[in-house]
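Notes to accompany the following structure.
Each value in this text was obtained by applying a stated rule to the coordinates, not by laboratory testing. All of these numbers come straight from a predicted model, not from anything done at the bench. Using ideal geometry, Cβ is built from the backbone for each residue, glycine included, and neighbour counts are taken over all protein chains shown.
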Amino acid sequence: MAMMQLMRRLDHGDVTVHGFRSSFRDWAEERGGMRREIAELCLAHEVGNAVERAYRRSDLLDKRRSLMERWERFCTSAGASGKVVKIRT
């Protein structure tokens, strides 16, 4: 919601954040080096079945923070071109 609200304030209300979230998920899988569950928790997705969730006692905040800090560095690094390529359907 925060990203969507930011886009509206920047007068880009017609843009969705799904692509950004999807890009994060792909990056986390390919380069993030953390378990799948950490990336899913970063996206606020439910992870595991009901039994697994019942026994999970940690929110893995330190690991999530670490992954998000690495994502931030990736997004703001000189290696990120900043170019958006429109894909036609």
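With Cβ to Cβ distances under 14 Å as the rule, what net charge do the other residues near M7 carry (K, R +1; D, E -1)?
+1
Please list 3J(HN,Hα) in residue order for the stretch 29-35, calculated via the Karplus relation 6.51 cos²θ - 1.76 cosθ + 1.60 where θ = phi - 60°; whole Hz, with x for glycine and proline.
For the stretch 29-35, the Karplus curve yields 5, 7, 10, x, x, 10, 4 Hz.
Please give the peptides 34-40, 2-8 ranked by average Cβ packing (other Cβ atoms within 10 Å per residue), highest first, as a rough proxy for protection.
So the peptides 34-40, 2-8, ranked by packing, come out 34-40, 2-8.
Pull up all non-local amide H partners of M34: gap of 5 or more, or a different chain, and H-to-H distance under 5 Å with H placed in the peptide plane.
HN-HN under 5 Å from M34: empty list.
Can you tell me how the chain classifies by the Cα gyration tensor, rounded, prolate or oblate, using a/c under 1.5 as the rounded cut?
It is prolate, given that a/c is not under 1.5 and a/b is the larger ratio.
Between H45 and S77, what length in nm is gained on full extension when 0.36 nm per residue of separation is reduced by their alpha carbon distance?
In short, 8.8 nm is gained.
Name the residue farthest towards the positive end of the dipole of the chain from the options S66, H12, T76, assuming +1 on Cβ of Lys and Arg, -1 on Cβ of Asp and Glu, about the Cα centre.
Sorting the options by dipole projection puts first T76.
Between D11 and R70, what FRET efficiency comes out of the Förster formula 1/(1 + (r/R0)^6) with R0 = 30 Å and r the beta carbon distance, rounded to 0.05?
Once rounded, the FRET efficiency stands at 0.50.
Given the rule -39500 (n - 2.57) for each run of at least 4 DSSP H residues, summed and divided by the residues of the chain, what is its mean residue ellipticity at 222 nm, to the nearest 500 deg cm²/dmol?
Counting only the DSSP helices, I get -15000 deg cm²/dmol.
Order these peptides, 42-53, 60-71, by their mean beta-carbon neighbour count within 10 angstrom, highest first.
Ranking the peptides 42-53, 60-71 by packing returns 60-71, 42-53.
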